[in-house]
Amino acid sequence: MLTKAKSKLPGFQVSWFSYKPNILADINAADLVISHAGAGSCLEIMHANKPCIVVVNDKLMGNHQVELAEKLSSLGHTEYTTPSHLIETVQSFRSENLLPYEPGDPKRLSKHLHQLMGLLYSD
């Protein structure tokens, strides 16, 4: 179920949902996506070429989302923050500072694996 709420930040309309089987239409309609730092969510947002702030749960032990968020941020594809710093991050966010995501070529990996195993590779 989609929920809309008043924002504490002037000029922002906030919508959220706890679970939705497909969010691509919402991502495409958004001016800015704020998401958890799951790999699938990050990739879906970057493939849609939408500006994104990923929010990591800094209270989790062994938090792999922090590693992903830091890497994507260092590559310039997203900004990342924690829940306690979200408002400040949104206020200082500049989408023009982000770099477009260039998807990799999956054939390169397939070719490499074929070579490692001594198999012939064909497109």
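The values are calculated or read from the model by the stated rules, or taken from the named source; none is laboratory data. Fair warning: this is a prediction, and the values are worked out from it, not measured in the lab. Cβ coordinates were reconstructed from backbone atoms using ideal geometry, including for glycine residues, and neighbour counts include every protein chain displayed. Please note that ligands, DNA and RNA were not included when accessible areas were found on the heavy atoms of the full protein model with its side chains. Shrake-Rupley method; radii C 1.70, N 1.55, O 1.52, S 1.80 Å.
Every condition in (1) open to solvent by 80 Å² or more (accessible area, probe 1.4 Å); (2) closer than 30 Å to I34 by Cβ; (3) among the hydrophobic types (A, V, I, L, M, F, W, C) is met by L86 except one, and the failing one is (1). Pairing residues of the stretch 38-49 that are farther than 11 Å from L68 by Cα and touching a residue at least 12 places away in the same chain (Cβ under 8 Å) with residues that are assigned to a helix (DSSP H, G or I) and open to solvent by 60 Å² or more (accessible area, probe 1.4 Å), at Cβ distances under 6 Å and at least 6 apart in sequence or on separate chains, gives A48/N28. The single condition among (1) open to solvent by 100 Å² or more (accessible area, probe 1.4 Å); (2) in a loop (DSSP other than H, G, I, E, B); (3) closer than 23 Å to A25 by Cα that P103 does not satisfy is (1).
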